[in-house]
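Have a look at the structure below before the remarks.
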Amino acid sequence: MRSSEANRIYFDRAADQLDLNENMRQLLLTPRREVQVQIPVELDSGAIATFIGYRVQHNNARGPMKGGLRYHSQVDLDEIRALASLMTWKTAVVNIPYGGAKGGIALDPTSLSTRELERVTRRFVDNVHDLIGPDVDIPAPDMGTSSEVMAWIMNQYDKFHGFSPACVTGKPVEYHGLPGREEATGRGVGLLTLKLLSRLGRRIPGTRVAIQGFGNVGTHTAKFLRDAECRIIAVGDATANFHSEKGLDVLEMIRYVHSNGGALAGYKGGDAISHQELLFCNCDVLIPAALGGVLTSENAGHIKAPIIIEAANAPTNPAADAFFDEIGVTVLPDILCNAGGVTASWFEWVQNRQHYQWGMNRVRQELDRILGEAFEQVWQLASTKKVSLRTAAFMLGVGRVHRATALGGIE
Ligand code: NAD
């Protein structure tokens, strides 16, 4: 199933509950603008390579459009379109004044040198600088992109428009970034996992957690949950997966990954397992924090975790989601669960516009407050309407965008 079809199913469930008519559904689902650009660059070898870049601006009813930029070999327009609409509902769920967008370049970042990645990034900005901007559409990091990539984006954008640090978020702290932005998505995932465990009446210390993906989101989630005395029993990335029933040494694994080019391969502190064994392992909480579409109708029946925390975007396809709902597996949906990143990006944007520096304590405090409030609203709505947390989150998000659209009027 295509990513946008999966999204449509989740959207329609919420739209049915909200009693939205077909014309309004069409308006809310249709992206404002989709761009595809050619990015020719000279490689270090002197050869020319041509990449394809995308930016989809889905909706700006509630404010400038906001969304990550993904570098991955499987990036395509349909996936970016689906992720852009998720951003619209996500910013609305946490009630920050943004719409939704997403971008990506189809490339494998591990196969390019830093200089090559910089050239690709700057060339992409050359193509889209007139379409983005602090009041229009603000990119941020996503899979395969880092704070360094965001710094190149700001620097290249400045060449056309002058000093504009708010044109992109997720920048290095020393280059107009926000203390705490890098950890924010994982911190939010960890925080909301604890809130969910408490709401479900489960004891937090000793909770057995498995995490797929050990990049930005996976590492910070693991660290937060370890600090809360959860036991991280399985961790994996694209290169290797490890298990230890007594708990993995998360801090040592993070140090290892940082010294090993971002990869877990070769780590010695746990039993090596397969990608599938990680997903199917006996744990209390399973956290997909890598790619989308990993939980499907084929493998859902093998998942043993009673709680799934969607740190990644769109990790569960609708058939698997329906199955989990039916057998009582609780799924904390992506549009709430990983909203910590965009929320901290908003703080960074505010800080840049005020030419002021926020401190780490303030960032954490505000982040925890906003995510906590959104969680309670989603939880209450799910309880009152007797719907899943995903449908409740979509109802909250889609409902807010619908109201803003109606209030703004359509000429
Ligand atoms: P990242 O590039 O820092 O890390 C991705 C991780 O996934 C790496 O450890 C990589 O090895 C692993 N991975 C890739 N393919 C895999 C596979 N087939 N099997 C197992 N592991 C695999 O990316 P990130 O920023 O941590 O993003 C992870 C997910 O979280 C994505 O779905 C992204 O859209 C979502 N997300 C990220 C942010 C953010 O602020 N970075 C915010 C919201 C959502």
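Laboratory data are not the source of any read-out in this text; all were calculated from the coordinates shown. Fair warning: this is a prediction, and the values are worked out from it, not measured in the lab. Heads up, the Cβs are rebuilt from the backbone with ideal geometry, glycines too, and the neighbour counts pull from every protein chain shown.
Figures for the structure shown
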item: Global form of segment 115-157, assessed from the alpha-carbon gyration tensor, a/c cut-off 1.5; result: oblate
item: Packing-based ranking, highest mean first, of 77-85, 113-121 given that Cβ atoms within 10 Å are counted; result: 77-85, 113-121
item: The chain: relative contact order as a whole-number percent, Cα under 8 Å and 6+ apart; result: 17
item: Segment 31-163, relative contact order in percent, only Cα pairs under 8 angstrom and at least six apart counted; result: 28
item: About the Cα centre, charge dipole magnitude for the chain (Lys/Arg +1, Asp/Glu -1 at Cβ), debye; result: 880
item: Under the span-like rule (Cα at least 15 Å along the axis, Kyte-Doolittle mean at least 1.0), DSSP H helices of the chain; result: none
item: Evaluated over segment 36-113, the Cα radius of gyration and Dmax, each in Å; result: 14.8, 48
item: Rounded, prolate or oblate (a/c below 1.5 giving rounded, otherwise prolate when a/b exceeds b/c) for segment 125-235 by Cα gyration tensor; result: prolate
item: Intensity falloff of segment 182-332 expressed as log10 I(q)/I(0), Debye formula with alpha-carbon point scatterers, at q = 0.11, 0.14, 0.18 Å⁻¹; result: -0.36, -0.59, -1.01
item: Compactness of the chain - radius of gyration and Dmax, Cα, Å; result: 20.3, 62
item: Unit charges at the beta carbon, dipole of the chain: most positive-side option, VAL41, THR384, LEU20; result: THR384
item: Distance in nm between pseudo-label sites at GLU22 and GLU229 (7 Å out along the Cβ direction from Cα); result: 5.7
item: Segment 31-163, Rg to Rh (Cα coordinates; Rh as Kirkwood inverse mean 1/r); result: 0.97
item: Spatially proximal lysines relative to LYS102 (Cα-Cα < 23 Å; intrachain offsets below 8 disregarded); result: LYS66, LYS90, LYS159, LYS171
item: Pairwise FRET efficiency - SER73 versus TYR175, Cβ, R0 = 30 Å, nearest 0.05; result: 0.60
item: Value of relative contact order over segment 331-411, rounded to a whole percent, pairs C-alpha under 8 Å and six or more apart; result: 36
